[in-house]
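What follows is a single structure, written as structure tokens, with notes after it.
Values in this text are rule-based calculations from the coordinates and carry no lab data. In this text the structure is predicted, and so the values were computed from the model without any measurement. Cβ sites come from the backbone with ideal geometry, for glycine too, and all protein chains shown count toward neighbours.
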Amino acid sequence: MSSVIVDPHGNPAIPFMTDNVDGWEDQESDYADAFEPALWLIMEKQDIRMDPTLSKEEQLSNRDIGILSHSFWKWTIHVNWSTTWAQKIPPHHMAVHFNGVLVGIISPFLTIRTCWSCRLGDPTRTPGGQPARNGYDEKWFYITYPGSTIKLPAVYPAHPCPECGAYDWFANTVEIEQFQRDAAEHLAVATGDDVHATDMRVTHDPRGEGKMGYARTKV
């Protein structure tokens, strides 16, 4: 069962889950649908590998690889794989350009993001503006909203920021589903594994209701 918090303009902002929400900030969030194939593609092109056997210390050190960039078809992506901001790109987020125009700054996570505009949910700063522990702390992706006693995602992907109203995908000319589809297809070509062209086009229902489908575009 769920309800929705809206911003001052009446737009849906944060999904308010009424059950089992305690401890969200202690759980690993799934990768975002559109982010994952693009990340895999850039890792394939730059020969970067994820190793689940790394120690906690080694995993933390690998959060500061730097800026990873790649171009395919009409797309150019820049992943800020570090624990500091890169201009308007929050840590671990991705800037996406289409035909040379910035069309989105997206989160690696399915249910949480940092606002690139006003920095709500900034993992480098506490809500009070103080530097985060060790300069970076993922728990600040979550904040406590007025009237609530639990922490919720500071900003929700595909919804306006409740503070400034900025979206993570702000293009009127191209949809994020096309980006996801193109990244998945280019990943399939790069790896020689056709399954990526279909499996990584799957989308999840943004309300968390468990519905899934394949990304569709209007082109």
Practice task
For the range 143-187, state which chymotrypsin sites (Phe, Trp or Tyr not before Pro) are in a DSSP loop and have at most 16 other beta carbons lying within 10 Å of their beta carbon.
Solution key: Phe170
Practice task
Order the peptides 121-133, 77-89 from the highest to the lowest mean number of other Cβ atoms within 10 Å of their residues.
Solution key: 77-89, 121-133
